[in-house]
Amino acid sequence: MKGKREERRPTAQGSLNDLGSRILNQSRYELSLSMRHLARALDRLPYEMDFNTQRMGTEGERIHFHPEFIFQLFMESPQKLNRLYMHSLLHCLFRHMFKNEDKKEELWNMACDIHVEYVLDSLDVDLLKRPAGEYRENTFQRLEEKIKTLSAERIYQYLEEADLDYDAWERLEREFYKDDHVFWKVIDRKDAPGQEGEGDSDGAPLPLPEDFTPNDNGTPSNGEGKEEKNQEAGNQEPENRGSEGEGNTGEGNSGEDSQGETKQEDSQSGNSSGKKQEERKKAENRKPPGQEKREEREAKKKRDDLSKEWEDISKRTEQEIEHSSKEKQEEQGSLAWFLRLEQKKYTDFRDFLRRLSVRRQKAAGAGDCH
């Protein structure tokens with residue numbers, strides 16, 4: 001009976017996960033009541049407690065959250081948590097995490113955060129409103145003057161050309177950095193944070209054993225055994241000196257040499273065992289021929305499928321806003337406009353000019369041949 005009671009007792013991490021999920025569920029419920037057309041997108045993302053982040057973030061598969069961050073933000077202001085939830089959801093609807101190839105990570109992350117915050121500020125939804133700061137308003141106004149229509153790609157291009165100094169970049173981060181994008185980097189990896197192969201089921205790293213003390217070789221050592229050997233060696237040395245006298249210094253040196261040889265043999269033995277362990281681990285982790293390429297193909301397919309799924313959710317969300325009541329269109333019509341803009345394939349004008357130049361060169365070369 002005692003064992004059964006212990007099995008039913010929730011773990012500390014399980015309680016944290018349940019409480020964090022309930023808080024996020026409350027935020028999702030409020031968002032879905034206020035913006036019913038987001039129900040499909042909101043229901044797509046389950047929650048997972050994850051100690052690999054200090055905040056909250058998503059790769060489009062699930063929402064990863066650090067429980068302490070969620071609790072503190074909820075206690076400070078449920079409205080801030082609602083806005084952060086919506087911030088991460090918009091990253092998925094605009095598929096920002098799937099468009100980061102061939103882009104500078106830091107610039108792309110910032111461009112996506114600015115884009116999402118710009119869209120949030122354009123929505124006339126009480127649940128998401130926040131006081132407009134002067135710096136934020138000036139940043140948006142400057143971007144509108146430079147690039148007209150704000151999309152993540154155009155903001156990225158602007159930031160790349162602006163070449164901001166450290167202070168200006170740090171000011172942007174303080175204003176627009178909200179959720180954690182670390183999960184964007186591992187979206188196509190099997191060992192993504194919070195999944196099998198890293199930490200336990202809750203995403204927390206596994207602790208080392210209490211008696212684990214690494215030596216210089218990186219292998220566990222037993223301190224008690226060394227102390228016993230040193231005590232035995234210390235007890236034997238005076239006896240040898242006392243019994244043999246001062247004249248038998250040669251034999252005393254011989255005993256010290258033998259002890260030195262023993263220690264050297266132990267050290268070599270430790271090195272050998274450490275090398276064997278490393279070789280054994282390498283052999284276990286070595287993948288069969290062709291497995292790595294197969295895993296890469298599977299990861300790419302998973303990424304493409306997830307991107308396609310969010311593209312479909314984004315289109316449906318835009319259509320539902322368009323067919324909603326006039327009141328809802330006035331509140332959230334800007335989101336439908338931005339989603340519709342996102343469906344159009346964006347082409348950098350510089351890339352267009354380069355392709356046009358190549359075509360003209362090919363045409364000129366063909367004319368010379370004739």
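Some notes on this structure:
- Note: relative contact order over region 23-67, using C-alpha pairs below 8 Å and six or more positions apart, is 30 percent.
- The residue 325 and residue 278 beta-carbon pair, evaluated with R₀ = 41 Å, returns a calculated FRET efficiency of approximately 0.05.
- Full-stretch length increase - residue 341, residue 316 - with 0.36 nm per residue and alpha-carbon distance subtracted: 7.6 nm
- Unsatisfied cross-links (Cα-Cα over 26 Å) in the set 178/293; 148/344; 104/301; 148/178; 276/302; 104/344: 178/293; 276/302
- Cβ-derived FRET efficiency at R0 41 Å, residue 19 paired with residue 129, nearest 0.05: 0.90
- Net charge, residue 146 excluded, C-beta distance under 13 Å - Lys, Arg +1, Asp, Glu -1: -1
- For region 1-140, the relative contact order is 19 percent, taking Cα pairs closer than 8 Å that sit 6 or more residues apart in sequence and dividing their mean separation by the residue count.
- Inter-part distance where region 18-36 and region 299-346 are each reduced to a Cα centre, Å: 21
- Rounded, prolate or oblate (a/c below 1.5 giving rounded, otherwise prolate when a/b exceeds b/c) for region 78-149 by Cα gyration tensor: oblate
- Other residues whose C-beta falls under 12 angstrom from the C-beta of residue 336 contribute a net charge of -2, scoring Lys and Arg +1 and Asp and Glu -1.
- Once backbone amide H atoms are built at 1.01 Å from N, residue 49 has 65 as its partners under 5 Å, excluding neighbours fewer than 5 places away on the same chain.
- Electrostatic tally near residue 23: other residues with Cβ closer than 13 Å to its Cβ, Lys and Arg +1, Asp and Glu -1, net -1.
Read-outs: derived from the displayed coordinates by stated rules, not from any lab. The shown structure was predicted, so the numbers you read here are calculated from the model rather than taken from an experiment. For neighbour counting, all protein chains shown are included, and Cβ atoms are generated from backbone atoms with ideal geometry for every residue, glycine included.
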